[in-house]
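A.B. asks: What follows is a structure written as structure tokens; I'll ask about it next.
The values are calculated or read from the model by the stated rules, or taken from the named source; none is laboratory data. Note that the structure is predicted; figures quoted are calculated from it, not measured. Positions of Cβ are backbone-derived with ideal geometry, glycine not excepted, and every protein chain shown enters the neighbour counts.
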2 protein chains.
Amino acid sequence: MVATSELERAVNDRLAEHDLRYTAGRRAIVEGLKAADGPVTLPELLDSSPDLAQSSAYRNLGLLEEAGVVRRLVHGGEHAHFELSESLTEHHHHLICESCGLVRDVTLETKLERTLDKAFDTLAEAEGFVTTHHTVDLYGLCSTCR
Amino acid sequence: MVATSELERAVNDRLAEHDLRYTAGRRAIVEGLKAADGPVTLPELLDSSPDLAQSSAYRNLGLLEEAGVVRRLVHGGEHAHFELSESLTEHHHHLICESCGLVRDVTLETKLERTLDKAFDTLAEAEGFVTTHHTVDLYGLCSTCR
DNA sequence: CAGATATTGGGTATCATTCTCACTGCATGG
DNA sequence: CCATGCAGTGAGAATGATACCCAATATCTG
């Protein structure tokens, strides 16, 4: 995980590239995502930062997504989940509880991940795709929902 | 891919287990999904089977999903995609165009897939999860959107 | 400080999906 | 062979997450 000051700088840079300011509201979102123990939904984010306005939070999450600061996860549940972009943290995958919607981060060992990457590139190329990233989601039941 | 008559029987069985009838509308959905060249959205399904009513199609897709006949894919686009359950076809993954929303099926080679399965089980177990299935999505740009 | 531009937030609009409900049709038992 | 009951249908309305609008503010630049 990147140190806070370094994260701040990185976010600031990416926003600047997109002519966006790093305002208090946006900082609150980034801090909220950083502090969270895994991807969070918008209501969860608002709970942890009560001063955020819903409309601004949605708008800023969208802008932060475009700027490459935030990643949006869309699963089957009612709300999308948001997390800091992998380029600001590290490549990882998700363990998703089909009952309560909980999302936890997991990482594959480096070697397997590299093998996968290579296989994915080959597959994509065969179909004429150029891939930007991939996701691996493991669905099941968490320890409390079991 | 399972032969049509076999598919029909399998679908019929699963519906029966859930006290559901295999009606004309449901058959049209299954045929539409089978005929499609990859996962389709509801509007696409309605286009290919114009007699389907939207409300019934949504309702029946939901019921077919519960019965394990249909899988719903939720990505970032405007519509969910639907496809026949993997237990009726074969395990595969998805190549998703971030520009036009096109979804294509791809399969990993058996050996790699088995390695992955094992790794996933270990990961999930370590977090107290019991996994039911996994998805691998490759995001990028298709040949026409590039 | 002025002017230009970005941001905010409350309210409202959108639109995919789900729900409601009156109606239809199929199956079973007498 | 009809009556009864329940599953299925479809048109429209309701729902709800998310996006949009716009007037009021805040921030930068020179």
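A.B. asks: What helices (runs of 4 or more DSSP H), lying completely within region B:1-103, carry at least 3 residues that are of a type in the set (Lys, Arg) and away from DNA strand C (no atom under 13 Å from the Cβ)? Can you show your working first?
C.D. replies: Working: elements: B:4-17, B:24-35, B:42-48, B:54-66.
Once the helices (runs of 4 or more DSSP H) in region B:1-103 are filtered for at least 3 residues that are of a type in the set (Lys, Arg) and away from DNA strand C (no atom under 13 Å from the Cβ), nothing remains.
A.B. asks: Go through (1) surrounded by fewer than 18 Cβ atoms within 10 Å (Cβ to Cβ); (2) free of Cβ contacts under 8 Å to residues at least 40 places away in the same chain; (3) among the hydrophobic types (A, V, I, L, M, F, W, C) and name the single condition A:LEU63 misses.
C.D. replies: (2) is the only condition that A:LEU63 fails.
A.B. asks: Name the single residue that is nearest to the chain's Cα centre (by Cα) among those in region A:116-146 being within 7 Å of chain B (Cβ to nearest Cβ) and among the hydroxyl-bearing types (Ser, Thr, Tyr). Outline the logic, then answer.
C.D. replies: At the first step, the residues of region A:116-146 found to be within 7 Å of chain B (Cβ to nearest Cβ) are A:119-120, A:123-124, A:127-143, A:146.
Those left that are additionally among the hydroxyl-bearing types (Ser, Thr, Tyr): A:131-132, A:135, A:139, A:143.
Working: A:THR131: 18, A:THR132: 15, A:THR135: 11, A:TYR139: 17, A:SER143: 23 Å.
My answer is A:THR135.
A.B. asks: Oh, and also: Read through the list (1) within 15 Å of DNA strand D (Cβ to nearest atom); (2) within 12 Å of another protein chain (Cβ to nearest Cβ), then give the number of the only condition that A:LEU95 fails.
C.D. replies: For A:LEU95, the exception is condition (1).
A.B. asks: Which of the residues that make up region B:98-115 are at the interface with chain A (Cβ under 10 Å from one of its Cβ atoms) and among the hydroxyl-bearing types (Ser, Thr, Tyr)? Lay out the reasoning, then the answer.
C.D. replies: We begin by selecting, within region B:98-115, every residue at the interface with chain A (Cβ under 10 Å from one of its Cβ atoms); these are B:98, B:102, B:104-109, B:112-113, B:115.
Answer for region B:98-115, where residues must be at the interface with chain A (Cβ under 10 Å from one of its Cβ atoms) and among the hydroxyl-bearing types (Ser, Thr, Tyr): B:THR107, B:THR115.
A.B. asks: Being in the same structural domain as B:LEU141 (by TED's automatic domain parsing) and among the acidic types (Asp, Glu): is that true of B:ASP51 here? Write out each step before concluding.
C.D. replies: On the way: in the same structural domain as B:LEU141 (by TED's automatic domain parsing): no; among the acidic types (Asp, Glu): yes.
Criteria not met by B:ASP51.
Residue by residue, here is whether (1) aliphatic (A, V, I, L, M); (2) farther than 25 Å from B:ALA80 by Cβ holds:
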| residue | (1), (2) |
| --- | --- |
| A:LEU63 | yes, yes |
| A:CYS100 | no, no |
| A:THR110 | no, yes |
| A:GLY128 | no, no |
| A:THR131 | no, no |
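A.B. asks: Which residues, counting only those in region B:3-58, are among the acidic types (Asp, Glu), within 16 Å of DNA strand D (Cβ to nearest atom) and more than 26 Å from B:ILE96 (Cβ to Cβ)? Can you show your working first?
C.D. replies: Going through region B:3-58, the residues among the acidic types (Asp, Glu) turn out to be B:6, B:8, B:13, B:17, B:19, B:31, B:37, B:44, B:47, B:51.
So of that shortlist, the ones also within 16 Å of DNA strand D (Cβ to nearest atom) come out as B:8, B:13, B:17, B:19, B:31, B:47, B:51.
The answer is B:GLU8, B:ASP13, B:GLU17, B:ASP19, B:ASP51.
A.B. asks: Now for a separate question. Test each condition in (1) under 15 Å from B:HIS133 (Cα atoms); (2) within 15 Å of DNA strand D (Cβ to nearest atom); (3) modelled with pLDDT under 95 for B:GLY76 and report the one that comes out false.
C.D. replies: (1) is the only condition that B:GLY76 fails.
A.B. asks: Here are B:LEU73, B:LEU61: which of them is under 14 Å from B:VAL103 (Cα atoms), in contact with a Phe, Trp or Tyr (Cβ under 9 Å, 6 or more places away or on another chain) and not assigned by TED's automatic domain parsing to the domain that holds B:ASP105?
C.D. replies: On the way: B:LEU61 fails: under 14 Å from B:VAL103 (Cα atoms).
Within the list B:LEU73, B:LEU61, the selection yields B:LEU73.
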